[in-house]
Amino acid sequence: MAIEDERFFSHNGVDWKRTIGATLNMFTSNDTYGGSTITQQVIRNMTQDNQPTVNRKVREIFRALEFEKHYTKTDILEMYLNLIYLGKSCYGVQTAAEYYFGKDLSELSVAECASLIAITNNPSLYGPMSNITITREDGSTVTPRELNKERQERILDKMTKIKDPETGEPFLTEEEAQAAKDEVLQFTDGSTSAEDLVEQATGGTQINNWFVDEVIRDVSSDLAEELKITEDEALLRVYNGGYNIYTTMDPEIQDIAEEVYGDRSNLNVTSRNGQQLQSGITIIDPSTGNIVAMVGAVGEKEGNLLTNYARLPRQVGSSMKPLTAYAPALDEGAITPATVFDNYPVQLLNGNPWPKNSPNTYTGRTILSTGIAKSINTIAIQALQSVGVADAFAFATEKLNLNLVAEDMNLSSLGLGGLTYGLTTEEMAAAYAAFANNGVYNSPRTYVRVTKTDSTTGEETVILENEAESHVAMKETTAYLMTKMLKGAVTSGTATSANFGGMTIAGKTGTTSDNYDRYFVGYTPYYCAAVWTGYKSNEKISYSGNPAITMWKKVMQKIHEELPNKDFDKPSTGLETIQVCLDSGLRPSDACSQDVRGSRIVSVEVAAGTGPKETCSMHVLRDYCTEGKCLAGEFCPAESVVQKAFLDYQRTDYGSGISAEDDPYLIANMEKAAESGCPVHTQAAEEPENPDAATDPNDPNYIPPTDDSTGEGTEPEEPTEPDATEPSGGGDWWSDFWANEP
């Protein structure tokens with residue numbers, strides 16, 4: 001009060017004398033006289049409304065007058081001392097005492113207290129740890145520590161003149177003030193502030209596990225919102241308020257995750273620039289939304305409230321596709337598991353075919369389940385186009401609570417996962433958990449409630465209630481069918497290495513095009529876990545396989561060791577199994593079973609009533625030479641010709657190097673190849689004069705040929721190999737016959 005607000009106990013929130021003086025200073029360019037009271041400073045710190053304008057000052061005056069109607073002077077002074085910024089990231093006098101003197105606030109001397117308050121005017125100028133050098137008007141230089149000492153002594157002098165409102169006596173006598181001036185201040189180097197804060201909160205120099213860190217962050221954030229205070233003040237209340245916090249953590253699962261992530265050998269990869277590969281994991285109970293475990297980095301945890309990669313937004317790659325392409329399109333009825341798209345570039349982008357797959361190959365006509373299992377980019381883009389970017393964006397942000405921005409409303413972001421800012425493993429785990437939870441989304445949470453126990457009565461008062469928000473995100477059949485197709489990714493797709501112990505698993509991998517980020521979100525009937533791996537600063541990941549799957553499996557396998565395998569819930573109604581053509585996705589025709597590659601008719605489970613109504617017309621029948629493996633030509637013998645079906649389908653020609661694996665089975669390509677004829681049957685075979693007669697001279701029914709001139713029979717000559725210099729089939733009819741035998 002001596003230096004900041006000497007009439008604090010007598011004014012009603014605004015010191016009109018100081019306010020008028022400060023206003024005059026504005027016009028005289030003399031800014032050494034501030035007009036804000038302690039009450040006004042508290043309001044400024046709480047609202048962060050600190051623009052240097054007259055309008056702001058007027059708002060602050062009215063707020064201060066109203067504020068003092070609701071809080072006592074003692075309450076306001078306590079808020080002030082807990083909120084003021086004292087440099088070096090110190091908010092509040094307790095933190096500053098720990099930082100600058102390595103002591104608890106209660107242990108500080110008058111001299112040390114005055115030194116701390118001296119900082120408030122300008123932490124850069126008066127902070128004893130500030131490293132700048134100040135040049136005075138006379139040219140002399142001074143350090144911030146020296147300025148702090150000067151201001152400290154002014155404060156001590158003022159305390160001999162300002163009277164305590166309770167006793168009517170000055171706060172200090174002249175002798176006490178002089179003794180404080182003479183005291184040599186021993187500053188620490190500030191390195192122990194974080195450790196001391198944890199010691200104060202926990203009663204010992206222990207390091208929290210990753211989950212506890214996040215509970216502290218979440219409770220502080222919610223407490224700040226509930227009480228309309230800053231998060232820094234809320235954090236101090238969490239540490240010092242004696243609260244009971246009921247968390248969602250499962251200690252056994254958290255211990256398993258901490259053990260796996262704490263062992264660097266489980267992901268011992270170093271980049272070219274010496275960075276160690278990092279990872280974060282969030283594990284959720286899909287039925288409740290409760291986060292049961294979370295770990296934010298690989299290696300031994302060396303402090304508290306550190307960077308947590310589980311909650312740091314990073315790129316998710318193709319693991320985005322089920323959330324923003326497949327699920328919204330399936331839920332809206334734009335596609336079904338029987339839908340077939342062309343695995344081929346959709347368009348030209350900047351002159352290049354787009355999108356590309358990884359690897360850069362195209363299979364042609366592909367059913368949806370294969371597109372999901374194999375993470376085919378072209379299929380995801382077409383699924384997204386079928387529902388529309390706007391509807392898909394709304395589904396992801398409103399139904400699954402994904403923190404996307406307007407810039408993400410495009411094909412590349414929603415279809416391939418190239419987001420503006422990325423997502424956290426917490427967001428991804430919660431979104432995928434909706435698939436496991438029959439389409440119901442539960443907001444993730446680390447704690448259930450915060451209470452405080454009355455020391456006298458023992459009664460608990462609820463300070464915060466953190467109920468999980470729950471809503472239906474998609475149809476139950478949509479969730480089931482998505483899970484069924486995502487199971488395919490684990491059994492036969494890009495995530496086969498995630499399998500363990502016969503447990504039923506569904507999931508999706510993710511890789512960014514530059515290979516900076518690797519992702520895996522996988523779930524069982526028990527838990528859903530999302531894992532990110534990458535480097536702190538972007539570098540390409542060199543790793544055999546997917547490191548995100550490696551960490552996911554090491555954790556989840558241990559969690560499920562004692563759990564029996566079971567399948568995901570299946571809706572009792574609303575599903576049917578239908579037959580479709582694997583190339584058109586329509587009801588099969590007879591021709592579909594006669595495809596040259598074999599029958600293309602498959603059974604697919606879909607939501608009841610969503611199957612195709614039209615019959616496949618893509619398959620067309622043509623005569624096919626089994627020996628020449630081509631459309632039958634004019635010289636192909638009847639015994640080599642069968643009816644086979646080919647695809648009547650046209651696709652854009654993007655030039656050399658861009659083709660689909662089923663191109664050879666397109667009727668247009670087959671007909672073009674047939675223009676040069678059958679490669680085996682190049683000419684008509686000559687038939688004997690008596691086609692019914694035996695041709696083997698040793699056959700009893702053999703009739704020798706008749707001589708043209710005499711009509712008498714002649715002995716046949718021994719058949720010989722045609723001369724290498726003569727065309728094959730030259731000579732007599734006998735040679736022609738053998739030369740043209742199929």
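The values are calculated or read from the model by the stated rules, or taken from the named source; none is laboratory data. A quick note: this is a predicted structure, and the numbers were derived from the prediction, not measured. All Cβ positions, even for glycine, are placed from backbone atoms using ideal geometry, and neighbour counts span all protein chains on display.
Worth a mention:
- Within region 117-137, the set of residues being assigned to a loop (DSSP other than H, G, I, E, B) and either without any contact (Cβ under 8 Å) to a residue 24 or more places away in the chain or out of contact with any helix residue (DSSP H, G or I) (no Cβ under 6 Å at 6 or more places or on another chain) (or both) comprises 120, 121, 122, 129, 131, 132, 133, 136, 137.
Table: residues versus (1) out of contact with any Ser or Thr (no Cβ under 6 Å at 6 or more places or on another chain); (2) modelled with pLDDT of 95 or more.
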residue: 253; (1), (2): yes, yes
residue: 256; (1), (2): yes, yes
residue: 265; (1), (2): yes, yes
residue: 273; (1), (2): yes, no
residue: 280; (1), (2): no, yes
residue: 284; (1), (2): yes, yes
residue: 294; (1), (2): no, yes
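- Residue within region 320-332 that is closer than 17 Å to residue 533 by Cα and in contact with a helix residue (DSSP H, G or I) (Cβ under 8 Å, 6 or more places away or on another chain) present: yes
- Considering residues of region 104-126 that are surrounded by fewer than 23 Cβ atoms within 10 Å (Cβ to Cβ) and more than 24 Å from residue 76 (Cα to Cα) only, the residue farthest from the chain's Cα centre (by Cα): 125
- If only residues of region 303-332 that are under 10 Å from the mean Cα position of the chain (by Cα) and of a type in the set (S, T, N, Q) are counted, the one that is surrounded by the most Cβ atoms within 10 Å (Cβ to Cβ) is 319.
- Considered as a group, the residues in region 542-574 that are over 23 Å from residue 294 (Cα atoms) and touching a strand residue (DSSP E or B) at 6+ places or on another chain (Cβ under 8 Å) include one that is modelled with the lowest pLDDT, and that residue is 543.
- Unmet requirement for residue 469, which otherwise passes all of (1) buried (at least 19 other Cβ atoms within 10 Å of the Cβ); (2) among the acidic types (Asp, Glu); (3) under 20 Å from residue 425 (Cα atoms): (1)
- Scan of region 347-371 for residues that are among the polar types (S, T, N, Q) and outside any helix (DSSP H, G or I), ordered by number: 347, 350, 352, 357, 358, 360, 361, 363, 366
- Filter result for the condition that a residue is exposed (fewer than 12 other Cβ atoms within 10 Å of the Cβ) and of a type outside the set (Ser, Thr, Tyr), over 145, 154, 136: 136
- Filter pass, residue 537 being farther than 23 Å from residue 307 by Cα and hydroxyl-bearing (Ser, Thr, Tyr): no
- Screening residue 64 with (1) touching a helix residue (DSSP H, G or I) at 6+ places or on another chain (Cβ under 6 Å); (2) more than 24 Å from residue 156 (Cβ to Cβ); (3) at pLDDT below 75 gives one miss only, at (3).
- Candidates 497, 537 - the one that is hydroxyl-bearing (Ser, Thr, Tyr), more than 18 Å from residue 321 (Cα to Cα) and free of Cβ contacts under 8 Å to residues at least 60 places away in the same chain: 497
- When 559, 505 are checked against the criterion of being touching a Ser or Thr at 6+ places or on another chain (Cβ under 8 Å), surrounded by 16 or more Cβ atoms within 10 Å (Cβ to Cβ), within 27 Å of residue 277 (Cα to Cα) and of a type in the set (Val, Ile, Thr), a single residue qualifies: 505.
Here is a yes/no grid of residues against (1) surrounded by 14 or more Cβ atoms within 10 Å (Cβ to Cβ); (2) small (Gly, Ala, Ser); (3) in the same structural domain as residue 292 (by TED's automatic domain parsing):
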| position | (1), (2), (3) |
| --- | --- |
| 528 | yes, no, yes |
| 531 | yes, no, yes |
| 585 | yes, yes, no |
| 605 | yes, no, no |
| 610 | yes, no, no |
| 616 | yes, no, no |
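- For region 138-211, the helices (runs of 4 or more DSSP H) that sit wholly inside it and include 2 or more residues that are at pLDDT 85 or above are 144-159, 174-182.
- When 420, 494, 483 are checked against the criterion of being within 21 Å of the chain's Cα centre (by Cα), surrounded by fewer than 22 Cβ atoms within 10 Å (Cβ to Cβ) and not assigned by TED's automatic domain parsing to the domain that holds residue 551, a single residue qualifies: 420.
- Odd one out for residue 339, checked against (1) surrounded by fewer than 23 Cβ atoms within 10 Å (Cβ to Cβ); (2) closer than 29 Å to residue 592 by Cα: (1)
- Selection within region 247-282 - surrounded by fewer than 14 Cβ atoms within 10 Å (Cβ to Cβ) and part of a strand (DSSP E or B): 270
- Filter result for residue 85 (out of contact with any helix residue (DSSP H, G or I) (no Cβ under 6 Å at 6 or more places or on another chain) and of a type in the set (Ser, Thr, Tyr)): yes
- Of the residues screened, residue 378 is not one that is outside any helix (DSSP H, G or I), free of Cβ contacts under 8 Å to residues at least 60 places away in the same chain and either of a type in the set (Phe, Trp, Tyr) or surrounded by 20 or more Cβ atoms within 10 Å (Cβ to Cβ) (or both).
- Scanning region 536-550 for residues that are hydroxyl-bearing (Ser, Thr, Tyr) and surrounded by 16 or more Cβ atoms within 10 Å (Cβ to Cβ) yields a single hit, 550.
- Against the conditions (1) closer than 30 Å to residue 274 by Cα; (2) out of contact with any Pro (no Cβ under 7 Å at 6 or more places or on another chain), residue 533 satisfies every one except (2).
- Against the list (1) within 30 Å of residue 615 (Cβ to Cβ); (2) surrounded by 23 or more Cβ atoms within 10 Å (Cβ to Cβ); (3) in contact with a strand residue (DSSP E or B) (Cβ under 8 Å, 6 or more places away or on another chain), the condition residue 363 fails is (2).
- Some residue of region 381-404 being assigned to a loop (DSSP other than H, G, I, E, B), buried (at least 24 other Cβ atoms within 10 Å of the Cβ) and out of contact with any Leu (no Cβ under 9 Å at 6 or more places or on another chain): no
- First in region 46-71 and within 20 Å of residue 11 (Cα to Cα), second anywhere and surrounded by fewer than 15 Cβ atoms within 10 Å (Cβ to Cβ), Cβ under 6 Å, 6 or more apart: 68/12
- Strands (runs of 3 or more DSSP E) within region 455-522 that include 1 or more residues among the β-branched types (Val, Ile, Thr) and at pLDDT 95 or above: 470-472, 506-511
- Members of region 382-437 found to be over 24 Å from residue 311 (Cβ atoms) and in contact with a Phe, Trp or Tyr (Cβ under 6 Å, 6 or more places away or on another chain), listed by number: 382, 383, 409
- Looking only at region 428-440, residues that are in contact (Cβ under 8 Å) with a residue 60 or more places away in the chain and outside any loop (DSSP other than H, G, I, E, B) come to 9 in all.
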